[in-house]
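**Q** Quick one: the structure is below, and I'll ask about it shortly.
Bear in mind that the values in this text are calculations on the coordinates, not laboratory data. These numbers were taken from a predicted model, which means no experiment stands behind them. All Cβ positions, even for glycine, are placed from backbone atoms using ideal geometry, and neighbour counts span all protein chains on display.
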Amino acid sequence: MNSAQPGVSPQLANALTTAPTPAGPPLWLLAELTYRCPLHCVFCYNPVNFAQSDAKAELSTDDWLRVLQQARAAGSVQCGFSGGEPMVREDLELLVGEAHRLGYYTNLLTSGVGLTETRAAALKAAGLDHIQLSFQDSTKELNDFLSHTKTFELKQRTARIIKSHGWPMVLNCVVHRLNIDYIGQIIELALELGAEYLELANTQYYSWAELNRAQLLPSREQLERAERVTNAYRDKLGDKLRIFFVVPDYYEKRPKKCTNGWGNVFLTVTPDGTALPCHTAKMLKSLYFPNVRDMSVQDIWYHSAGFNHFRGDTWMKEPCRSCPEKENDLGGCRCQAYMLTGDASNADPVCDKSAHHPLIQDAVAYAQVPDALRSVVKPLVFRDPKNSLRLAAIDP
């Protein structure tokens, strides 16, 4: 992410290009208002046991108003309203209005379902700064297959509504093995809809995407071809369409600085009020993350054990501890280390210095095998409450 990326406030853009301090303010608040969603995407980053999580009531309107006020007082400058699908919350306009009053730069991350003309007008009046609309593919058939819904035409109508209200047209398409060969068509769709920005976000393998990794991880040939197509369109289009292509870290030798460093910039509040340093950290069962119903945002950010545990570098083991590059990535992703090695304090296996890097190499090697030559083809696991409850029963 950088200052040119759509939907980033100037204050946050500056923070993301400078070295963070271990206890700086929570500049970006991600308000996950709900895990309810009409879509069933195979790469969803919501917890695989989200239906079990829904056993706890979602935060009330008053709870969210308090969170917005406390986070702003703690230094937050940007607020993203996300889910699930945030449009299913009837109080969304009220929350956006309060965030605007407090001085946040506000983002709405939506599938488009529920964004009617009436609600768009209300959100505009409330002061919403930015909408990111997701598509699954450039065609009705694959878009609807990947989301397990009939939403492609609805998304097209929603894009026109967004344009009519003067918001910048920002499209997001999660890229993976099943749609990466159609990058050109996806870019053409963005042009057709009048997009100013297009984020081609290669799948990051957490939650539902991790379950479906074998079916979703593209081959190196697919990835390189998609980059060539993207670069050709960049050269042709110039500033008419700004295209951001996020490379999957499985094909890198060094991990990304996950969320710009644990507890450095990003604060996620989940639908039930659990506060997290990143949206997947709840999987780290050895850590306790407090709830905004029980602690203030200020105390959670600066004083809770969960947020302080991986700050700085004192937690690091070798090879990270003595690595001259450790400030570049801060050890990589703690959740990825936990998922792949069972220990969140291990070096992110994406790093080729990690003893666990062969786990990544094995996954990448399998991705090079053509689908027709694979001896076992696992079915895709779609995100839905039935699957979520089944997975929760297996791994409560």
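**Q** What net charge is computed for the residues neighbouring Thr203, neighbours being all others with C-beta under 9 Å from the C-beta of Thr203, Lys and Arg scored +1, Asp and Glu -1?
**A** Net local charge, Thr203 excluded: +2.
**Q** Given an 8 Å cut-off on Cα distances and at least 6 residues of separation, report the relative contact order of the stretch 125-278 as a percent.
**A** Rounded, it is 19 percent for the stretch 125-278.
**Q** Subtract the Cα-Cα distance of Asp362 and Val376 from 0.36 nm times their separation in residues, and report this length gain in nm to one decimal.
**A** Roughly 3.4 nm would be gained on extension.
**Q** Which shape class, rounded, prolate or oblate, goes with the stretch 156-277 when its Cα gyration tensor gives a ≥ b ≥ c as root eigenvalues, a/c under 1.5 marks rounded, and past that a/b bigger than b/c marks prolate?
**A** The shape class here is oblate.
**Q** Report the extension gain between Tyr302 and Lys163 in nm, rounded to one decimal, defined as 0.36 nm multiplied by the number of residues separating them, less their alpha carbon distance.
**A** Here the answer is 46.0 nm.
**Q** Run the numbers on the stretch 264-327 and let me know its relative contact order in percent, using alpha-carbon pairs under 8 Å that are six or more apart.
**A** Taking the mean separation of contacting Cα pairs over the length of the stretch 264-327, I get 23 percent.
**Q** Explain nothing, just the number: relative contact order of the chain, from Cα pairs under 8 Å at least 6 residues apart, as a whole percent.
**A** 20
**Q** Please say if the stretch 239-396 is rounded, prolate or oblate, where rounded means a/c under 1.5 for a ≥ b ≥ c the square roots of the C-alpha gyration tensor eigenvalues, and otherwise the choice is prolate for a/b larger than b/c and oblate otherwise?
**A** oblate
**Q** Still on this structure, please answer the following. Within the stretch 157-194, list the residues whose amide N lies under 13 Å from a label point set 7 Å along Cα→Cβ of Lys236.
**A** Counting only backbone N, you get 183-192.
**Q** Here's a follow-up. What's the center-to-center distance, using Cα atoms, between the stretch 359-396 and the stretch 47-103 in Å?
**A** One Cα centre to the other: 32 Å.
**Q** At what distance in nm do the modelled label points of Glu141 and Asp294 sit from each other, each positioned 7 Å from its Cα along Cα→Cβ?
**A** Going by the 7 Å Cα→Cβ label model, 5.2 nm.
**Q** Only residues of the stretch 257-280 count here: report those whose backbone N is under 20 Å from the spot 7 Å along Cα→Cβ of Glu327, or say none.
**A** Output list for this probe position: 257-265.
**Q** In terms of Cα to Cα distance under 27 Å, which lysines are near enough to Lys282, apart from those fewer than 8 places away along the same chain?
**A** Lys56, Lys253, Lys256, Lys257, Lys317, Lys326, Lys353, Lys378, Lys386
**Q** Size of the dipole of the stretch 280-396 about the Cα centre, Lys and Arg at +1 and Asp and Glu at -1 on the beta carbon, nothing else charged, in debye to 20?
**A** 440
**Q** Of Val48, Gly114, Gln70, which is farthest along the charge dipole of the stretch 35-139 in the positive direction, counting Lys and Arg as +1 and Asp and Glu as -1 at C-beta?
**A** After comparing all options, I get Gln70.
**Q** Still on this structure, please answer the following. Please list, ordered by chain and number, the residues whose modelled amide H lies under 5 Å from the amide H of Asn172; skip anything fewer than 5 residues away on the same chain.
**A** Leu133, Ser134, Phe135, Glu199
**Q** According to the square roots a ≥ b ≥ c of the eigenvalues of the Cα gyration tensor, what is the shape class of the chain, taking rounded for a/c under 1.5, prolate for a/b larger than b/c otherwise, and oblate for the remainder?
**A** Here the chain falls in the rounded category.
**Q** Tell me, in nm to one decimal, what length is gained between Glu188 and Ala393 on full extension, where the rule is 0.36 nm per residue of separation less the Cα-Cα distance?
**A** Full-extension gain reported as 69.5 nm.
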